[in-house]
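What follows is one structure encoded as C-alpha cells, with my remarks underneath.
The values are calculated or read from the model by the stated rules, or taken from the named source; none is laboratory data. Since we're looking at a predicted model, the values are computed, not measured. Neighbour counts run over all protein chains shown; Cβ positions are idealised from the backbone, glycine included.
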C-alpha cells in the first residue's frame, strides 16, 4: 500500500513538475481557443486561427529565429470545457499563450487558470469589462473591446443625436444585467431618461410579448441588452411588428459583422452600434481582409479576428525583445511597457490594468441601396477617441492599479 | 380604456393574442406526441429535432429548389414524415416488445444525432427565412399591431388540430386506430394491417412536428437547437394535459400558451418556468393530468 | 423496467460475491496506480462522473425508475458546494457535504412529485423539473448565471491538508468515490435493496405483498439524488468551478448514457461507462460538436444491440456477477 501511494505521488510530481516550459526549448506555442462550431464560430472560430497565423507570418518569426506553433481548440462556450482544455494545454502540451476566448464566462475561467500558472492570456473575443476591473490579472491583456466601451459608445452617441428616452430589453442573466446597467448609466449621465425595462428569459425564441411592452412604453430607443441569437431574433421580430416603421429605433449593444450579415441589410438597416474595427476603413484593413477571406472560405474578418492579429503581433514583439516566454507576468509587463503598433489597430498602448487602448467607432448599417458588395455593410457615424473610449482606470477597481 | 393590475386592457388583449400564437406551437407539437404515444406507447424525444428538420427543410426548398413557403407547407410534412417512417421501420419496430423506456432512450439518441449533424453543417447562429410576401405586413387592431403572418399561424394550427381530432375521433379510420391501440391482436384478426398502421401513425405524428417547423421558420430563428429548447416545455404540457385525449392535448397547448403570455407581462422573470410550476401543481392535485385517465 | 434490462443469470451466491470482491480489488489497484500513467485531473473527472453514474444506476438499474433530470442534483450540489467554499469560506469537506445535503433535499421535493406517475411520465416529469431548476440557475444571482461560480478555492481538508497539491486532491476524490461506491453496494444488497428489486420486477406484486412501494421508491430516489450531489460537490471543488453545463439537460442525458454503456443494474457498469464516456469526450475534444453525434450513435447502438452494456455483457459471458 505504501508503495502504491508513493508511486502516485511520484506520478503527480511528474505531471506537474514539467509545467515550466522555457522558450529555450525553442518553441513559442500559441493556443487559440474559441467557439469553433457554435454561435460565435463565424466571428471568431477558425478565422481567429487564420488571423494568428497571418500575424506570425507578417512578423517574420522564422527569419527572426523564433519557432512558433499554433494550436486551436473548441470550448463550446462552456466554462468547464474551456478550463479543462487550458489546464491540459499548459500542463501537458506546454502552451505559452492563450488567445481570443469569446464568451465572457469562459474567459473569466481561463483568466484564473492563466494567473495561477503564470502564462499569458490575450483576450479578443470576450466582452466582460471586469476582466480589467475587479477580476484583472497581471497575466492578462484585454485587447479589442469590452462592455463598458460598447455601452459608452452607443449610449453617448444616441443620446447626443436626440435619442433621449430609452427602454431596455434585457437578457435575464448576469451579462445582460451588466450591459443594461452600464448603458443606463451613460444615458442618464448625458441627460437621457430610462422609461422602463423588461427582462426576457435567456435564451428566448419569441420576443413579441416583450416588443409589445417596449412599443407601448413610447420610448424613442429600444436598447437590446443581449447577445448572439437573442439579439438577431429580437431585431427580426421587431421588423415584423413594425417597431422601426412606427418611429422607434433599435440600439444593439453587442453585435458583430457576421450577425449583420446573417440578418441582411433589409432587416438590419439603420441599426446603430459600436465596434473597434471594420475592414473597409483604410487600405491596410482592406488588404488584410482580402488575404484573410482567401484563407477562410470567403468570410470577412470581424473585429475579434483583427484583434487576434494585432494582439499576437504585439506579443511576439515583446517575447522577441525579452528572449524568453517562460514568465507570463514578465512578458505582459514588457507588453505594457512597449507602445503597440500594427497595421490594423495603428498606434496604441496597454494600461496598467491590462486594458488595450485604441479608438472605437460608431457604425450604422447601410441601406440596401447604399451597399456595393456582399460585405459592404457599415458606414462610420463617429469616431470615439482613444482617451474617451474605455473606462477610466480608477473606476474599474483593478488591484494592479496603484494609488 | 381600463386597467387590470396596472396593465392597460389594450396591452393585455395584445398579450393574450400573442400567447395564443405561441400556444399554437405547443398544441401542434403536443398533439403529435399524443398521437404517437396513443399508438406506439413511445414518447418521441426526437420530436423537437423533427420540428427543427421541418424548419430547415423549408429553408432548403426555398434556397436550393426555389420552392416557396406554400410549397414547403405541403411538401415538408411528407418529406420529414417519410423520414419518420424510415426510423420506425429501422429502429423503433424492434423495441415494441421491450420496456417503453427504451423507446425514449432510442429517440433521445436520435435527437442528439440529428441536432449534432445539423449543428456541424450549419453552425448554430441560425439561418434567415422570410415571411412569405402574401402574408407580409399586418393589421392594426387598435389595441395592437398584428402581423398577418402571426394571424395565419393561429388559423392554420387550429385547422390542423381540429381536423386531426376529427379524423381520429369521428371517422372509421380513427375508429380502427383506436381499436388497434386497445387490442391489436383482435384488430389484426379483422384483416387490418396493424404494423403498417403503426408505421403510418408515427409518420403522421412526425409530419405534424415538421408542419409546426415550417410554420415557425419565418418568425423564429431557424437554428439546430430550436427544437431541443421547445421539446422539454412540450413534455411538461403533455404531463399537464395527460396524453389520454387528443382534445386535451390541443386545449392544454393553447391554454398554456396564453398563461405563459400573461406571465410575460405580469412577471417576466418567471415566463420560462411558469409551465413547469403549473406542472408541479397539477401533479399535486390531479396526478393523472387534467384530461388523463388514471392508468 | 422489464427483465430485459438486467439479465439475471442466477449464479451461485458464493461465486458471485467472490467475483465482485475480486473485481473491486482490481479496480482499487488500478485507481491507485493510474495517476502514474494518466493526467490526474482527467482521472478525478472520471471518478466524479463514475460516482454520479453509480447514483443514477441505483435508481434505474435497481428500482427501474428512469430519471431524466439527474443533472438537477449534480449541478445544484456543485453550485452550493462552490458557493459555500468561496463565499462562506467552508472547509472543502463541509462544502461538499453542504452540496450533497442540498441535493438530498431537492431529491425529496422532486421525488415526491415525480413518483406520483409511472414509467414514461416519471421520466418526463423529472426532466421538466430539472429544466425548471436550470432556468432558476440561469437567473439566480448567486449562481453567477452564465459565468458560473469561478475561482472556487480548493482549500485545506480538515483545515490542514492542502488540496492544491494534486496528490492530496486525488486522494480525497478517490476516498469519496470508494466510500460512495461501497455505500451504494451495501444499499443494493440490504433487505431494503431486495424490496427495490422486487418493485423493479413487479410493482403490483410488491404492493400485494404489503410493501408501501411509494415509500421505498421515494427513499431510493432521495438516496440517489444525495449521492449524485456528493459527486457534483466534489467536482466543483476539483475543478474550482460550478457552471450551467452541470445543471443542463444534456448532462442528464450523459449520465443515462454512462449507465447504459457500462451496464444497467450491474455494480461496476456505471464506473466503466463513466470512464468510457469521459475518455471519449476528452480525446474527441477536437471534434467539437461531433461528440454529440457520437454520443447519439452510442445511445442508439446500446438500445438496439447492446442492452446489457459492457459489464453486463462481460458478466454474462463469464457467467459471474459483476
Exclusive hit being within 14 Å of another protein chain (Cβ to nearest Cβ) and surrounded by 24 or more Cβ atoms within 10 Å (Cβ to Cβ), set A:77, A:111: A:111
Within the stretch B:136-147, tally of residues that are free of Cβ contacts under 8 Å to residues at least 60 places away in the same chain and more than 15 Å from residue A:208 (Cβ to Cβ): 3
Members of the stretch A:240-252 found to be surrounded by fewer than 22 Cβ atoms within 10 Å (Cβ to Cβ) and away from chain B (no Cβ under 11 Å), listed by number: A:244, A:247, A:248, A:249
Residues located in the stretch C:92-117, provided they are out of contact with any helix residue (DSSP H, G or I) (no Cβ under 8 Å at 6 or more places or on another chain) and within 14 Å of chain B (Cβ to nearest Cβ): C:109
Selection status of residue C:58, in contact (Cβ under 8 Å) with a residue 24 or more places away in the chain, within 30 Å of residue B:102 (Cβ to Cβ), within 13 Å of another protein chain (Cβ to nearest Cβ) and crowded, with 23+ Cβ neighbours inside 10 Å: no
Test for residue A:257: is it crowded, with 24+ Cβ neighbours inside 10 Å and touching a residue at least 60 places away in the same chain (Cβ under 8 Å): yes
Among residues of the stretch A:184-224, those that are within 14 Å of chain B (Cβ to nearest Cβ), outside any loop (DSSP other than H, G, I, E, B) and under 20 Å from residue A:240 (Cα atoms), counted: 11
When residues of the stretch B:112-145 are limited to those that are closer than 18 Å to residue B:206 by Cβ and either within 7 Å of another protein chain (Cβ to nearest Cβ) or touching a strand residue (DSSP E or B) at 6+ places or on another chain (Cβ under 9 Å) (or both), the one surrounded by the most Cβ atoms within 10 Å (Cβ to Cβ): B:112
Some residue of the stretch A:165-183 being over 24 Å from residue A:145 (Cβ atoms), in contact (Cβ under 8 Å) with a residue 12 or more places away in the chain, more than 14 Å from chain C (Cβ to nearest Cβ) and assigned to a strand (DSSP E or B): yes
Residues of the stretch A:225-239 classified as within 13 Å of residue A:176 (Cβ to Cβ) and within 11 Å of chain B (Cβ to nearest Cβ), total: 4
Residues within the stretch A:289-325 that are over 24 Å from residue A:116 (Cβ atoms) and assigned to a loop (DSSP other than H, G, I, E, B), tallied: 8
Residue match in the stretch C:150-166 (condition: within 14 Å of chain A (Cβ to nearest Cβ), in contact with a helix residue (DSSP H, G or I) (Cβ under 9 Å, 6 or more places away or on another chain) and in a helix (DSSP H, G or I)): yes
Unmet requirement for residue A:139, which otherwise passes all of (1) touching a strand residue (DSSP E or B) at 6+ places or on another chain (Cβ under 8 Å); (2) not assigned by TED's automatic domain parsing to the domain that holds residue A:108: (2)
Selection count, the stretch B:72-110, where residues are more than 7 Å from every other protein chain (Cβ to nearest Cβ), touching a helix residue (DSSP H, G or I) at 6+ places or on another chain (Cβ under 7 Å) and under 17 Å from residue C:124 (Cα atoms): 1
Verdict on residue A:70 being touching a helix residue (DSSP H, G or I) at 6+ places or on another chain (Cβ under 8 Å), assigned to a strand (DSSP E or B), modelled with pLDDT of 90 or more and buried (at least 21 other Cβ atoms within 10 Å of the Cβ): no
Lone unmet requirement of (1) touching a residue at least 12 places away in the same chain (Cβ under 8 Å); (2) surrounded by 24 or more Cβ atoms within 10 Å (Cβ to Cβ) for residue B:81: (2)
Listing of strands (runs of 3 or more DSSP E) fully contained in the stretch A:326-397 that carry 3 or more residues being surrounded by fewer than 17 Cβ atoms within 10 Å (Cβ to Cβ) and in contact with a strand residue (DSSP E or B) (Cβ under 8 Å, 6 or more places away or on another chain): A:378-384
Filter result for the condition that a residue is in the same structural domain as residue A:96 (by TED's automatic domain parsing) and either out of contact with any helix residue (DSSP H, G or I) (no Cβ under 9 Å at 6 or more places or on another chain) or closer than 21 Å to residue A:64 by Cα (or both), over A:306, A:326, A:386: A:326
3 or more residues more than 14 Å from every other protein chain (Cβ to nearest Cβ) and more than 14 Å from residue C:255 (Cβ to Cβ): qualifying helices (runs of 4 or more DSSP H) within the stretch C:267-322: C:309-318
Residue check, residue B:170 within 22 Å of the chain's Cα centre (by Cα) and under 25 Å from residue A:265 (Cα atoms): no
Tally of residues being farther than 22 Å from residue B:150 by Cα and in a loop (DSSP other than H, G, I, E, B) across the stretch A:225-250: 2
Checking residue A:228 against (1) at negative phi; (2) within 21 Å of the chain's Cα centre (by Cα), the condition it does not meet: (1)
Residue identified as assigned to a loop (DSSP other than H, G, I, E, B) and either more than 8 Å from chain C (Cβ to nearest Cβ) or surrounded by fewer than 24 Cβ atoms within 10 Å (Cβ to Cβ) (or both) among B:290, B:256, B:247: B:290
Filtered residue count, the stretch B:262-276, keeping only those that are within 7 Å of another protein chain (Cβ to nearest Cβ), at pLDDT 90 or above and in a helix (DSSP H, G or I): 1
Residue check, residue C:233 within 13 Å of the chain's Cα centre (by Cα) and closer than 26 Å to residue C:99 by Cα: yes
